[in-house]
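The values are calculated or read from the model by the stated rules, or taken from the named source; none is laboratory data. What you are looking at is a predicted structure, and each value in this text was computed from that prediction instead of being measured. Quick reminder, even Gly has a Cβ in these numbers, built from the backbone with ideal geometry, and neighbours come from all protein chains shown. The accessibility values were calculated without ligands, DNA or RNA, using every heavy atom of the protein model including side chains. Shrake-Rupley method; radii C 1.70, N 1.55, O 1.52, S 1.80 Å.
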Amino acid sequence: MKILVINSGSSSLKYQLIDMETENVLAKGLCERIGIENSNFIYKANGVTIEKQIDMPSHKVAVKLVLDQLTDPQVGVISSMSEIDGVGHRVVASGEAFKKPTLVTKQAMQLMEEIKDLAPLHNPAAIVGVNACLAQMPDTPMVLVFDTGFHFTMPDYAYMYAVDYKHYEKYKIRRYGAHGTSHKFVAEEAAKYLGKDISQLKIITCHLGNGSSISAVKGGKCIDTSMGFTPLAGVPMGTRSGDIDYAAAEYIARKEGMNVSQMLTYLNKQCGMLGVSGVSSDFRDLTAAAEQGNYRAQLALNMFAYATKKYIGAYAAALNGVDVIVFTAGIGENDNNIRAAALKDMEYLGVKLDPKANNNCPRGTIAEIQAADSAVKVLVIPTNEELVIARETMREANLA
Ligand code: ADP
């Protein structure tokens with residue numbers, strides 16, 4: 001049983017072919033600059049990396065190249081396309097139209113068209129990606145897996161915004177969250193690793209990457225999450241502001257002569273760590289600059305750690321306690337300073353880190369970093385969103 005996982009961006013397409021018997025990645029890669037000059041194709045399998053500059057005017061061409069490479073007699077990992085049993089497509093936004101992974105049908109794609117403007121940069125790309133795959137593999141079952149899916153168990157009082165109710169009814173304005181596949185994966189991995197039944201656990205999952213979100217998971221179900229109607233909400237991120245008083249945004253817009261769409265671009269692309277530090281959105285650069293005495297780089301790091309801490313505190317309250325805190329994604333898995341700063345002075349909550357374990361955390365594997373006398377387990381867990389998409393694809397397409 002082999003599942004192809006596709007993550008389409010507006011000018012990119014990431015792919016992984018996963019053997020579901022072993023859950024091993026057989027091949028993976030990336031098509032970059034689709035529809036732009038100097039397109040770049042990357043393929044990795046069996047320890048070999050192939051990179052070539054090759055014209056990719058459309059996603060359809062990119063998918064064809066991926067399939068040709070996967071079935072290539074020399075470097076391929078399958079002998080024919082028919083070995084691909086299903087295709088899972090990552091989709092960023094679902095609105096309330098899709099509350100779970102959904103088989104690709106004409107009707108589903110019609111609904112996808114209707115919710116396109118919920119994520120104008122990402123959802124249209126997913127539609128293009130699905131159509132590109134359908135053109136090559138019309139008889140292979142395909143499943144849409146939504147970043148928002150895991151969060152649909154939130155209670156109404158957690159997902160509602162305090163706006164005029166008619167705007168919820170009319171436009172479905174509410175919290176949807178994001179990174180759902182990652183939060184689900186690491187919460188389930190945490191329970192498995194600890195040998196506990198997830199239905200008995202209160203877990204706070206911190207997906208800290210270029211985009212960051214934090215979720216409260218009770219009995220395996222999400223009850224709250226920090227991102228909102230879009231990924232702009234929550235903790236400050238690489239280039240996103242995170243939570244902000246909208247009157248402050250309006251004030252900047254007025255003073256700087258920005259319209260609403262320019263303001264949103266500013267809040268998504270020029271704020272966060274990049275905006276505060278003036279150095280970079282990358283935590284490695286920020287740490288290096290802070291070590292050289294750069295005040296604004298240190299300030300940005302402090303703000304990020306503090307915002308993370310506040311969400312952890314809030315979610316411990318929402319969960320009525322916490323058994324496990326999980327860190328994942330680029331920053332969560334690699335940045336020991338942020339983990340330590342976010343969990344500093346939380347002994348009252350039963351959270352105590354082991355500095356040695358935190359500082360020497362091995363990469364690419366699950367690690368426990370709490371002190372021996374910490375009531376709360378603190379785990380670092382590598383995320384694997386593609387595997388969740390592949391598993392959901394198998395389930396939804398009845399391939400299991
Ligand atoms: P994305 O949201 O793009 O999937 P990732 O989860 O890959 O992001 O996280 C990328 C971010 O992780 C980088 O921008 C960087 O800030 C951070 N990061 C990656 N490696 C390290 C590291 N060794 N130390 C600190 N931060 C890191």
Expressed in Å to one decimal, the Kirkwood Rh of the range 109-176 from all distinct alpha-carbon pairs is 14.2
With every protein chain kept in place and a 1.4 Å probe, the residues Ser199, Ser11, Ser39 fall, from largest accessible area down, as Ser199, Ser11, Ser39
Evaluated over the range 204-358, the Cα radius of gyration and Dmax, each in Å: 16.1, 50
What is the mean projected area of the alpha carbon convex hull for the range 314-400, to one decimal in square nanometres? 7.2
Report D for the range 167-230 in µm² per second (integer): Stokes-Einstein, Kirkwood Rh on Cα pairs, 25 °C, 0.890 mPa s. 197
Space enclosed by the convex hull of the alpha-carbon atoms of the range 253-315, per residue, Å³: 110
Percent carbon-and-sulfur accessible area, the range 65-222, ignoring ligands, DNA and RNA, probe 1.4 Å: 52
Mind pulling up the Rg/Rh value for the range 283-361? Radius of gyration and Kirkwood radius, both on Cα. 0.99
Using Cα pairs closer than 8 Å and at least 6 residues apart in sequence, work out the relative contact order for the range 11-161, in percent. 20
How high is the relative contact order of the range 206-269, in percent, counting Cα pairs under 8 Å that sit 6 or more residues apart? 23
Average Cα contact separation per residue, the range 310-400, under 8 Å, 6 or more apart, as relative contact order %: 28
Once Rh is set to the Kirkwood radius over Cα pairs, what Stokes-Einstein translational diffusion coefficient, in µm²/s, holds for the range 201-269 at a temperature of 37 °C and a viscosity of 0.692 mPa s? 248
Among Ala178, Ala297, Ala97, the residue with the largest mean-square fluctuation in a Gaussian network model of the chain built from Cα contacts under 10 Å is Ala97
Tell me the accessible surface of Leu343 in square angstrom (1.4 angstrom probe, heavy atoms of protein chains only), to the nearest ten. 10
Can you list the residues, at least 5 places off or on another chain, whose amide H is less than 5 Å from the amide H of Ala27, using H built in the peptide plane? Leu17
Can you compute the FRET efficiency between Arg395 and Glu113 using 1/(1 + (r/R0)^6), with r the Cβ-Cβ distance and R0 = 25 Å? Round to the nearest 0.05. 0.50
Of Lys116/Lys196; Lys100/Lys202; Lys100/Lys344; Lys2/Lys100; Lys196/Lys310; Lys28/Lys310, those spanning more than 30 Å from alpha-carbon to alpha-carbon: Lys116/Lys196; Lys100/Lys344; Lys28/Lys310
Pair Thr22, Asn46: separation of 7 Å Cα→Cβ label points (nm): 1.2
Can you list residues whose amide H is under 5 Å from Met142's amide H, if they're 5+ apart or on another chain and H is modeled 1.01 Å from N? Val87, Val104
Could you name the aspartates and glutamates whose alpha carbon sits less than 17 Å from that of Lys377, not counting residues in the same chain fewer than 8 places away? Glu188, Glu189, Asp197, Asp323, Glu333, Asp345, Glu347, Asp354, Glu368
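Using the eigenvalues of the Cα gyration tensor, what equivalent ellipsoid semi-axes result for the chain when each is taken as the square root of five times the eigenvalue, whole Å, largest first?
For the chain, the ellipsoid semi-axes come out as 33, 26, 23 Å.
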Stokes-Einstein D for the range 2-154 at 20 °C, 1.002 mPa s, Kirkwood Rh over Cα pairs, in µm²/s? 136
